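Below: one structure, written as structure tokens.
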Amino acid sequence: MTRKRSVVKGLGAYLPERVVTNSELARTVDTSDEWIVERTGIHQRHVAADGEFTSDLAIRASDKALADAGVSPSEVDLIVLATSTPDDTFPATATKVQAGLGITKGAAFDIQAVCSGFVYAVAVADNFIKAGQADTALVVGAETFSRILDWQDRSTCVLFGDGAGAFVLRADEARNGDASRGIMSTHLHSDGRHRDCLFVDGGPSSTQTVGHLRMSGKEVFRHAVVNLAAAVGEALDANGLNADDVDWLVPHQANRRIMASTARKLGFSEEKLVVTIDRHANTSAASIPLALADAVDDGRVQEDNLVLIEAMGGGFTWGSAMIRW
Ligand code: UT7
């Protein structure tokens, strides 16, 4: 019997025009380019313009992904948009993206898993496709974290940036068993006991304000290395693979040191690690497709490569997906 497989047919990414360097930030908060680079690997971040919203970034990335896939918007029957910085409390930003792309059929909704959002969105869309409930899905990670940062708090404001990335996922018949292209596995986790390590101190029901991001960086770091290693191990085990079989490890871009220690812990060589945090900082749900777009554009990621994506974020939430490109 042939089974459905979700295949990545197209990829698109978008970064707002304005670049803010570490040195520029050092003029307003007590920090330095040296500290930021050494502790995080970040050199700069992109910040959305006044009046430029999460939906605008998402539409730009989606347009590129659709063009890359050679798929017309009218063929899309599912939009799953991962964001923690929606345009409005409701309706879902995904519906604005749907309207912006001129799509009038299918379902469009947001999911919220903070920095793990893209992995969650891929898993949700993949399951819709495998269940036969969607055929062509747009999976988007889009954020304007600049709008929820406390720009006086040096321990957080230097870490994040704005951006968007998107996949076009399409149902394909699974050929040749596990060797065929597409999403091979997804694993998702959450543990709500750690809410206070990384949260936004506002919300419609609690404070009726948007709030600002608060983080105990050290605590998050400690959990991230353990949880990410577990999520990567799980993806390898589920597919009967080991680190050597994987061509590219594409982590959520939160901190260069977290990415490097996870890779090291699991026996991945540094050359297989895709790192773009230097140029766009932590863009939460957008960081994985932004990093992947970089590695596809410069020819590192090739058709049939094994790509492992992994992320961890507020909640805590974490997860991984193994993809045959
Ligand atoms: O994407 C969601 C997941 N998020 C993450 O994965 C983030 C995880 N955490 C991290 O990446 C790191 O913990 C940070 C980059 C946030 C911080 O690095 P750290 O090595 O854990 O530093 P720290 O928080 O222990 O701070 C060390 C020192 C402190 O000073 P004292 O107490 O030692 O005097 C901080 O006050 O660095 C100080 N510091 C800064 N100094 C200059 C904190 N932020 C800054 C700054 N510039 N921006």
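The values are calculated or read from the model by the stated rules, or taken from the named source; none is laboratory data. Bear in mind the structure is a predicted one, so any value in this text is a computation, not a measurement. When the accessible area is computed, the model is the full protein with side chains, heavy atoms only, and any ligands, DNA or RNA have been set aside. Shrake-Rupley method; radii C 1.70, N 1.55, O 1.52, S 1.80 Å.
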Inset, instruction - Provide, for q = 0.21, 0.24, 0.28 Å⁻¹, the log10 of I(q)/I(0) from a solvent-free Debye sum over equal Cα point scatterers in region 134-205. - result: -1.09, -1.20, -1.29
Inset, instruction - Could you list which residues have their amide H under 5 Å from that of G203, counting only those 5 or more apart in sequence or on another chain, with H placed in the peptide plane? - result: Q208, T209
Legend entry - Above-threshold pairs, the threshold being 23 Å between Cα atoms, out of K105/K130; K64/K130; K4/K96; K64/K105: K64/K130; K4/K96
Inset, instruction - With all protein chains present, calculate the accessible area of D245 using a 1.4 Å probe and round the result to the nearest 10 Å². - result: 70 Å²
Inset, instruction - Can you tell me the relative contact order of region 31-187? Whole percent, Cα pairs under 8 Å, sequence separation 6 or more. - result: 29 percent
Inset, instruction - Please calculate how many Å² of accessible area region 37-183 carries per residue, with a 1.4 Å probe and no DNA, RNA or ligand atoms counted. - result: 38 Å²
Legend entry - Value of [θ]222 nm, deg cm²/dmol, for the chain, DSSP H segments ≥ 4, -39500 (n - 2.57) each, nearest 500: -9000 deg cm²/dmol
Inset, instruction - Indicate, rounded to the nearest 5 percent, the antiparallel portion of the DSSP beta bridges found entirely in region 18-160. - result: 30 percent
Inset, instruction - Give the shape of region 31-172 as rounded, prolate or oblate, defined through the alpha-carbon gyration tensor: a ≥ b ≥ c are the square roots of its eigenvalues, a/c under 1.5 means rounded, and otherwise the shape is prolate if a/b is larger than b/c and oblate if not. - result: prolate
Inset, instruction - For the chain, return all DSSP H helices satisfying: extent of Cα atoms along own axis at least 24 Å; mean Kyte-Doolittle hydropathy at least -0.5. - result: 217-238
Inset, instruction - Give the ranking of V76, V200 by solvent-accessible surface, highest area first, calculated with a 1.4 Å probe. - result: V200, V76
Inset, instruction - May I ask you to rank S261, S180 by accessible area, largest first, using a 1.4 Å probe over the protein chains only? - result: S261, S180
Legend entry - Difference of contour (0.36 nm per residue) and Cα-Cα distance, R257 to R3: 87.5 nm
Inset, instruction - Using only the Cα atoms of region 235-313, build the gyration tensor, take square roots of its eigenvalues as a ≥ b ≥ c, and label the shape rounded, prolate or oblate: rounded if a/c is under 1.5, else prolate if a/b is larger than b/c, else oblate. - result: oblate
Inset, instruction - For region 278-325, report the accessible area per residue in Å² (1.4 Å probe, heavy atoms, rounded to an integer). - result: 23 Å²
Inset, instruction - Determine the shape class of the chain: with a ≥ b ≥ c the square roots of the Cα gyration tensor eigenvalues, call it rounded for a/c under 1.5, and otherwise prolate if a/b is greater than b/c, oblate otherwise. - result: oblate
Legend entry - Evaluated at q = 0.22, 0.24, 0.25 Å⁻¹: base-10 log I(q)/I(0), Debye formula over Cα of region 36-120: -1.12, -1.24, -1.30
Inset, instruction - Mind grabbing the accessible area of D297 for me, 1.4 Å probe, Å², rounded to tens? - result: 130 Å²
Legend entry - In Å², nearest 10: area of V124 left accessible to a 1.4 Å probe: 40 Å²
